[in-house]
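Trainee: Okay, here's the structure, questions in a sec.
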Amino acid sequence: MRKHFVTIIVVLTLAVCSFAHAPTDNDALEAAMKKFISSIETGNTTVFLSYISPDKGLTIMNTIDQGDEGNADKPMLDSTLTYSQLAADFIKKGEHYQSIFKPSEDSPNFYDGFAKRTEKWVLVAGNKFQLVDPDTGKPNNAFYVKWEKQGERWFAIEVGRLIS
């Protein structure tokens, strides 16, 4: 009897430990965010597109800096791009390809906002990643990526980038 009790305790302990270390939605979301940003930095269009919902596409918001007084960034809708629009443009290496995967020579673009950032991306409420402002140490809404889970997969559904 004592032997069975010890076996049950060991099995329960192992079950609790494996549950405690089981991957969470946040782990999967953080991994998706890292791969998404890496795809921009490396120009990997296949990986980038794997994080764009075929149903919802990607909404790109421009955030306008309201100045030092409260620095209330106000998002303004720029455009919603469908998966098929992005895929076709990437094949042609067109305007969206250039904006997302190549640094701009004259004015900041999508690539400049998301690639090779030294600030840390943090997960905040609403499945949204924001960059930490180096001056305040708090997440800043100037650059962000908002995610949505569809089935078992995470998709980037909205990005925001600062324009002046």
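Trainee: Just check region 24-163 against the gyration tensor rule for me: Cα atoms, a ≥ b ≥ c as the square roots of the eigenvalues, rounded for a/c under 1.5, and otherwise prolate or oblate depending on whether a/b exceeds b/c.
Mentor: Oblate, because a/c is 1.5 or more while a/b does not exceed b/c.
Trainee: Local charge sum around ILE40 (other residues, Cβ-Cβ under 12 Å, Lys/Arg +1, Asp/Glu -1)? Before the final figure, lay out the partial values.
Mentor: Values: positive: LYS34, LYS35, LYS102, LYS116, ARG117, ARG161; negative: GLU41, ASP112.
Neighbourhood net charge equals +4.
Trainee: A further question on this structure: Which entries in LYS102/LYS149; LYS34/LYS128; LYS34/LYS102; LYS34/LYS116; LYS35/LYS149 show an alpha-carbon gap greater than 23 Å?
Mentor: LYS102/LYS149
Trainee: Label 7 Å along Cα→Cβ of ILE91; region 32-50 residues with amide nitrogen under 19 Å?
Mentor: 44-50
Trainee: Quick one: dipole size for region 24-163, taken about the Cα centre, charges +1 on Lys/Arg Cβ and -1 on Asp/Glu Cβ, in debye to the nearest 20.
Mentor: So the dipole magnitude of region 24-163 works out to roughly 460 debye.
Trainee: Show me, for region 122-132, the HN-Hα J-couplings you get by feeding each phi into the Karplus relation (A = 6.51, B = -1.76, C = 1.60, θ = phi - 60°), rounded to Hz, glycine and proline as x.
Mentor: 10, 7, 10, 4, x, 6, 10, 9, 10, 7, 7
Trainee: Still on this structure: What nm distance separates the two modelled labels at LEU29 and TYR83, each placed 7 Å from Cα along Cα→Cβ?
Mentor: Here the answer is 2.1 nm between the modelled labels.
Trainee: Still on this structure: Can you compute the modelled spin-label distance between GLU119 and VAL47, with each label point 7 Å from Cα toward Cβ, in nm?
Mentor: Roughly 2.3 nm, to one decimal.
Readers should treat all values here as calculations from the given coordinates under stated rules, not as data from a laboratory. Bear in mind that the values here come from a model prediction, so they are computed numbers and not experimental data. Note that we place each Cβ from the backbone using ideal geometry, even for glycine, and neighbour counts take in every protein chain shown.
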